[in-house]
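A quick write-up on the structure given underneath.
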Amino acid sequence: MTPDDNNTALAAILHLEGTGQRCDRYQRVNRVLARFLNSRLLRCTISPRVDGTSLPDNLLKQAQSAPVVTPHPTYEGTPMPVLQNQNDIFVLDLGDGENRLHPDWIAAVNSALDEVEKHEGPGALVTVANGKFYSNGLDLDWLSAHRDQHNDYIAAVQALYARFLALPVMTVAAIQGHAFAAGAMLSLAHDFRVMRADRGFWCLPEMDINLPFPRGMAALVQSRLSPQIAHEAMLTARRYGGTDAQAAGIVDHAVEEASISETALTIAHANLTKAGETLGITKSRMYAPVLATLRDSSNPRG
């Protein structure tokens, strides 16, 4: 591709963002993908990826012909998560607020996962967010107003973790901001995690707020972290910055802000062909005891 071809392709992508029929959230997902493409297109020669391959040209063609996406409804003025499929990489935008796990938010994510599971052939999922938070955890305001629904709510949160953990595609969490409590645990349910190196914390603050870990959540943390790091994270409520989180094995990569989306999408692209029944079965067998605990709705809070 020549520089003019590169710029034309990028202009086509950016034109999609300005189309009046697209909702603001759809534009934001496009911007994530456009930044990924832009960082490579403007170098003219596409650099090697983590698996030694290069970004395929047909990703550009699909970006130019991306479909119109109907926006999800909102609760209390907050947009719901939005899913977009680009060249078999599903990008799930969790939001640009605190992205707390409100029941309607959980329902929207479950709906998105339904679409991912229906997809046939190569595939992967990247979750992204915008602003200060990746996710700030449980919706404590909703919980305070619905005390009679605590068990059902925790069961729904843990069931969501189970879906991510056993999803038959590779999943990557692109953590651009704070990931706290249930939001941090949501990231652990992904196969890979990429975190901003210089700002934002990954933290399990339950000990500081006198909130015991439900059995399923405790099992998830202990299955995805080394025993010593799980012990420290759960009992001390330590706030891990990106570099420290990588050193502890909590995240796989700690990168500068401009590289978060690109790194996550690169990992997803490298694992597209892993999607399918074998991957789902393997995950289910690897994490069978954890999944059983997460899915147990009889006494979710333990």
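The values are calculated or read from the model by the stated rules, or taken from the named source; none is laboratory data. All of these numbers come straight from a predicted model, not from anything done at the bench. For neighbour counting, all protein chains shown are included, and Cβ atoms are generated from backbone atoms with ideal geometry for every residue, glycine included.
Points to keep in mind about this one:
- If you filter region 121-145 down to residues that are part of a loop (DSSP other than H, G, I, E, B) and either at pLDDT 95 or above or of a type in the set (Ser, Thr, Tyr) (or both), you find that the one that is surrounded by the most Cβ atoms within 10 Å (Cβ to Cβ) is ALA129.
- For region 174-190, the candidate set comprises residues that are part of a loop (DSSP other than H, G, I, E, B) and in contact (Cβ under 8 Å) with a residue 40 or more places away in the chain; within that set, the residue that is farthest from THR282 (Cα to Cα) is GLY177.
- The residues listed here are VAL82, VAL157; of these, the one that is among the β-branched types (Val, Ile, Thr) and closer than 22 Å to PRO300 by Cα is VAL157.
- Scan of region 105-120 for residues that are among the acidic types (Asp, Glu) and either in a helix (DSSP H, G or I) or within 13 Å of the chain's Cα centre (by Cα) (or both), ordered by number: ASP114, GLU115, GLU117
- Those residues of region 194-217 which are touching a residue at least 40 places away in the same chain (Cβ under 8 Å) and under 20 Å from the mean Cα position of the chain (by Cα), in sequence order: VAL194, MET195, ARG196, ALA197, ASP198, ARG199, GLY200, PHE201, TRP202, GLY216, MET217
- Subset of region 146-173 that is in contact (Cβ under 8 Å) with a residue 60 or more places away in the chain and not in a helix (DSSP H, G or I) - its residue that is surrounded by the most Cβ atoms within 10 Å (Cβ to Cβ): ALA173
- From THR263, THR282, residue being over 23 Å from GLN222 (Cβ atoms) and in a helix (DSSP H, G or I): THR263
- Yes/no for ASP191 being among the acidic types (Asp, Glu) and within 20 Å of HIS253 (Cα to Cα): yes
- Lone unmet requirement of (1) under 12 Å from the mean Cα position of the chain (by Cα); (2) modelled with pLDDT under 95 for GLY183: (2)
- Looking only at residues of region 253-262 that are surrounded by 18 or more Cβ atoms within 10 Å (Cβ to Cβ) and not hydroxyl-bearing (Ser, Thr, Tyr), we find that the one that is farthest from ALA179 (Cα to Cα) is GLU262.
- Region 267-276, residues that are crowded, with 23+ Cβ neighbours inside 10 Å and either β-branched (Val, Ile, Thr) or in a strand (DSSP E or B) (or both): ILE267
- Leading residue by the ranking (surrounded by the fewest Cβ atoms within 10 Å (Cβ to Cβ)) among those in region 220-229 that are farther than 10 Å from GLY249 by Cβ and in contact with a helix residue (DSSP H, G or I) (Cβ under 7 Å, 6 or more places away or on another chain): GLN222
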